[in-house]
Every structure is written in structure tokens, then in C-alpha cells.
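Q: This is the structure, below, for whatever I ask next.
The values are calculated or read from the model by the stated rules, or taken from the named source; none is laboratory data. Note that the structure is a prediction, hence the values are computed from the model and not measured. Because the Cβ atoms are built from the backbone with ideal geometry, glycine has one as well, and the counts that use them run over all protein chains shown. Heavy atoms of the whole protein, side chains included, go into the accessibility calculation; ligands, DNA and RNA do not. Shrake-Rupley method; radii C 1.70, N 1.55, O 1.52, S 1.80 Å.
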Amino acid sequence: MTRQHSTLAVVAAAFATAAAASAVLFTALSPAAAVPAPAVLALSAGASASSGPFAADNPGAYVSGGPTASYNVQAAIAGTTRPDLYRSQRYASNRGAFTYTFPLPAGAYVVTLHWAETWSGGATPGGRVFNVAAGLDIFVAAGGANTALVRSYPAVVEEGVTDLAVTFSSVVQNAMISAIEVHHRDGTAGDGPEEAPDTEEGGEEPSAVVPLATLRLNAGGPAVAGYIPDTPYVTNGAATRTWSSATSVVTTAPDAAPAAIYATQRWGKELAYTFPVPAGTYNLRLHFAELYDPVAVVGGRVFSITAAGGARP
């Protein structure tokens, strides 16, 4: 499956009864052509639309705390060939704190954060100071206003933990962020808590993209067996329902997931997932088991599935 747009959409539409899925997996392949594989997540903070591989940050899915607001400018940005990333920001509108929470499986990650001080009220030494790992003054660290600043931090999601959280806490004025990238530290899941130094950079490009480990979603269920909840990626969640069953499932099929994955499902007349990814070639694997007795007959549940790239609204 090759796509050339800013999202990958997967839609299941029912013909009889309701469409259903138990798990969704996709991974970047390694084609002969030089196609960059995506980061695990790449978000443009405060933006209303995607920018290349950076999706709009959708505060309803990822942001808690706050309250937050967005701010956009058309200023020239020094130190980068991607000025669009730095012209938007999400900030703590009450000079408090806010958190991005990403549902990710256990493993070692690198979180890369992007800023530029584009607000004249913060464009002085000490004009805006906040904590990520320690007190940060964007104006000072970047060497001036309207100048890109990039910093990367190692992070580990331990076994039994289902989220990676990044918190911004105001000290002077409002904490803010322009873009976020999350990468597996060596391109694979489950690396363990190896050591990796922080990097502090000014005027750098968005970090080099490393190969993506498979993204595994448990449709309609909690984090289990390396699969994470599907909620952030469901496009039409209000029109769907979830269902679970204690029925024993036979998992001898090639590439079958653990039995626990088939115990839950998401269903609806139409079920849609959207993944923000850059152009590339992907492998999509869907898991199903018919556990609902009333439709466990020939023709009892029939639906179509489409998967294609599309421009983000």
C-alpha cells in the first residue's frame, strides 16, 4: 500500500449488521526507493492543519491540563527550512501547565521538541521561562526572536505503563510548544531503559526520521499484550460502540494476535481510523473474530474495507 498524502485512512462500511474490528496494525515497509519512514508521532502544536508529516495536534486527543490556546503568526523564522512548523504554538493560557499524553507501548523513545519565540512580549531575556526538564528561556536558548530551537530528550515507557507524557509548566509568562516528534530510540519497540544523553540544539532542522516499529491498536479495548487503545485514531468515535466477550478464541491462523486481542471489538454502521503519516509504503493488518452469536452464520455480518491516503481536512 503506497500513499502520497498526509493521512492514511481505513474505513469499514457495513452491508449487513455492523462492521467490526478487533485490532489494527500498520508499519512502514523498507522499499528499495528512498522513502522516509515516519516518526511514531509528529505533531504541529496549535496548527489547524497538517504540515508535511506533522499532523495538527488535536488537543482533544492528546492534551490535558491547561487551559490551553493556540497562537499563529506569519513571521520569518531563522535557522530552519521548515518555518511553517514554528509559526504556530500551543500555550498555557493561564500561565499554568499542560501535558501531552501519547498512548505508546513499552520501549525507549526520543522526544524532540521545537520552539521559536514569535510573541513580542516574550522576546527578551527572561520574558518567557518554563519547565520541560529544567527552566527554559526560548529567546536566550535560540539566540533571539523568531529563531528555531530544537531539543531532544530520552524517555522510557516501562512495561505495564501505557502512556508517554510530556508536561510544560510555566515559570514566567506561558509555557508553549510549536511541534513535537516521538521516535523509537533505535527504530524498534521494546528497547528497554538504555541510557541516552539529552541533546540541546538551536537552529536545527526537524530530527532525522527513524524506522517505525509496528503500531498495534486494540480496537475497543485497553492496552494489552503490546497493543494500545485505539481511541486517538478513531475518526468517527461517537458513531461507534465497543463490545467485549469472554468466549475462547482459536488463534492458530498465520500472524494471529494474542487471544486477548480478539476479546474486544469496535463496531458501527461505518468505522473509520485515520493515521497521520508521510508519503511511503505501508503494510496494514486487520484482526477479526466473530464472537456475536446472532450473526455467527453465513451472511450474518458483511462489510467492506478501504484503505487509502488522503489530504487531512
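Q: For ASP137, ASP163, ASP293, give the ranking by accessible area with the largest first, probe 1.4 Å.
A: Listed by decreasing accessible area, they come as ASP293, ASP163, ASP137.
Q: Determine the gain in length on full extension of the stretch ALA296-VAL73; use 0.36 nm per residue of separation and subtract their C-alpha separation, reporting nm with one decimal.
A: Stretched out fully, the ALA296 to VAL73 stretch lengthens by 74.7 nm.
Q: Report the full-extension gain for the segment ARG82 to ALA238: residue separation times 0.36 nm, less the Cα-Cα distance, to one decimal in nm.
A: Taking ARG82 through ALA238 to full extension adds about 52.6 nm, to one decimal.
Q: As an exercise, use a Förster radius of 25 Å and the Cβ-Cβ distance of SER64 and ASN283 to find the FRET efficiency, rounded to the nearest 0.05.
A: The value I calculate is 0.15.
Q: Computed FRET efficiency, Cβ-Cβ of THR306 and ALA259, R0 35 Å: what is it to the nearest 0.05?
A: Calculated value: 0.80.
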